[in-house]
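Q: Got a structure for you, written out below as structure tokens; questions coming shortly.
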């Protein structure tokens, strides 16, 4: 039987203390995330769910405009074709299924793409009010009464727009698309154009959504500077957040143009506008990483849904991406300090 020596006791106690601290931290974060969700459930759940229903209905109706019922009626109603070439109907059905299979990945990724665009606007609205509203209604005094560090509060507020909101939207769109297409294929089994097993057996039916899911870790890194900027302005602005969050970057462009014109500095204001200002305020939107295509040597007009994953991982090669991540961490630190300062001035 192994006895615990006097030298092992401090190590054991230190390990227990660290384990207790980690459990306490995770418990606090879980509570904070629940708080953020329940305070913004219409913004994070019910609103995106309604929009997801709309997008799925629109894109499915557009993709399946040449429906199996129309094809079924066309084949049965063309007696001349059936008499001259009995296999013509089978050939039309085969071509229809092949065309549908090629369109399916584009339909799925377009639904995800536009849904994430809506998610970008949702994130901006949430971030601009995340720290500003609690100062206006003075609820910061209530939340400050709990033994919760400001850094934990800031962390809980960036987890939703960076990770949980995109994941929720991906799950919504994927579930609705799969259910809609399964129902569509099931109903088509009552016609001569049977699509159920063609849809279920199509690997693109599954990989198209998984390709979008793979982008979420990259999105976390890419959107961090924009999330940090809006959150920092929310912690700093005394009145309305929107004019400060968008006005300061736009006014900086005007100031550089004026200085360039008066003193003939020869600055590349266009580069600053795209890679600094536009990067700062549009990082929460999908495919905004195409702003980096010149920095990493990508050709112009490189964007397409078929290679959007490849574009994202190529953007990791740009040094400006990692510099922007460092800038985002600095802005988050400033947001934490501002929240601490706001406590003493509330």
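Q: Does the range 262-282 hold any residues that are free of Cβ contacts under 8 Å to residues at least 40 places away in the same chain and in a helix (DSSP H, G or I), and which are they? Reasoning before the result, please.
A: Restricting attention to the range 262-282, the residues satisfying the condition of being free of Cβ contacts under 8 Å to residues at least 40 places away in the same chain are 262-274, 276-278.
Passing the criteria: 262, 263, 269, 270, 271, 272, 273, 274, 276, 277, 278.
Q: May I pose another question? Give me the pairs, please: first residue somewhere in the range 201-219 and crowded, with 19+ Cβ neighbours inside 10 Å, second residue anywhere and outside any helix (DSSP H, G or I), beta-carbon distance under 9 Å, and either six or more positions apart or on two chains.
A: As it stands, the answer is 212/286; 215/286; 219/284; 219/286, since those pairs meet every condition given.
Q: While we're on this one: Would you be able to say whether some residue in the range 319-332 is out of contact with any helix residue (DSSP H, G or I) (no Cβ under 7 Å at 6 or more places or on another chain), within 22 Å of residue 126 (Cα to Cα), at pLDDT 75 or above and not in a loop (DSSP other than H, G, I, E, B)?
A: Checked against the condition, which is being out of contact with any helix residue (DSSP H, G or I) (no Cβ under 7 Å at 6 or more places or on another chain), within 22 Å of residue 126 (Cα to Cα), at pLDDT 75 or above and not in a loop (DSSP other than H, G, I, E, B), the range 319-332 yields at least one hit.
Q: Something else about it: Of the residues that make up the range 148-169, is at least one more than 20 Å from residue 233 (Cα to Cα), touching a residue at least 24 places away in the same chain (Cβ under 8 Å) and not in a helix (DSSP H, G or I)?
A: Looking through the range 148-169, at least one residue is more than 20 Å from residue 233 (Cα to Cα), touching a residue at least 24 places away in the same chain (Cβ under 8 Å) and not in a helix (DSSP H, G or I).
Q: Can you tell me which residues in the range 223-261 are touching a helix residue (DSSP H, G or I) at 6+ places or on another chain (Cβ under 6 Å) and not in a helix (DSSP H, G or I)?
A: 237, 241
Q: Could we say that residue 220 is touching a helix residue (DSSP H, G or I) at 6+ places or on another chain (Cβ under 7 Å) and outside any helix (DSSP H, G or I) here?
A: Values: touching a helix residue (DSSP H, G or I) at 6+ places or on another chain (Cβ under 7 Å): yes; outside any helix (DSSP H, G or I): no.
When the stated conditions are applied, residue 220 does not pass them.
Q: With respect to residue 227, determine if the residue is without any contact (Cβ under 8 Å) to a residue 12 or more places away in the chain and surrounded by 13 or more Cβ atoms within 10 Å (Cβ to Cβ).
A: It is false that residue 227 is without any contact (Cβ under 8 Å) to a residue 12 or more places away in the chain and surrounded by 13 or more Cβ atoms within 10 Å (Cβ to Cβ).
Q: A follow-up question, please. Against the definition (over 14 Å from the mean Cα position of the chain (by Cα), over 30 Å from residue 321 (Cα atoms) and at pLDDT 80 or above), how does residue 177 come out, yes or no?
A: yes
Q: Scan 74, 23, 27, 18 and give me the residue that is in a helix (DSSP H, G or I), loosely packed, with under 11 Cβ neighbours inside 10 Å and at pLDDT below 75.
A: 18
Q: So which residues in the range 114-137 are modelled with pLDDT of 75 or more and not in a helix (DSSP H, G or I)?
A: Filtering the range 114-137 for residues modelled with pLDDT of 75 or more gives 114-136.
Once the filter is applied, which keeps residues that are modelled with pLDDT of 75 or more and not in a helix (DSSP H, G or I), the range 114-137 yields 131, 132.
Yes/no per residue for (1) over 30 Å from residue 159 (Cα atoms); (2) more than 28 Å from the chain's Cα centre (by Cα):
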| position | (1), (2) |
| --- | --- |
| 203 | yes, no |
| 214 | no, no |
| 220 | no, no |
| 227 | no, no |
| 249 | no, no |
| 252 | no, no |
| 269 | yes, yes |
| 274 | no, no |
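Q: For the range 150-171, check the following and say yes or no: at least one residue is more than 31 Å from the chain's Cα centre (by Cα) and surrounded by 20 or more Cβ atoms within 10 Å (Cβ to Cβ).
A: No, the range 150-171 contains no residue that is more than 31 Å from the chain's Cα centre (by Cα) and surrounded by 20 or more Cβ atoms within 10 Å (Cβ to Cβ).
Q: Would you be able to tell me the number of residues in the range 93-113 that are at pLDDT 70 or above and more than 21 Å from residue 213 (Cβ to Cβ)?
A: Qualifying residue count, the range 93-113: 1.
Q: Suppose we filter the range 98-142 for residues that are without any contact (Cβ under 8 Å) to a residue 24 or more places away in the chain and surrounded by 15 or more Cβ atoms within 10 Å (Cβ to Cβ); how many remain?
A: Here the count works out to 1.
The values are calculated or read from the model by the stated rules, or taken from the named source; none is laboratory data. Note that the structure is predicted; figures quoted are calculated from it, not measured. We place every Cβ from the backbone using ideal geometry, glycine too, and count neighbours over all the protein chains shown.
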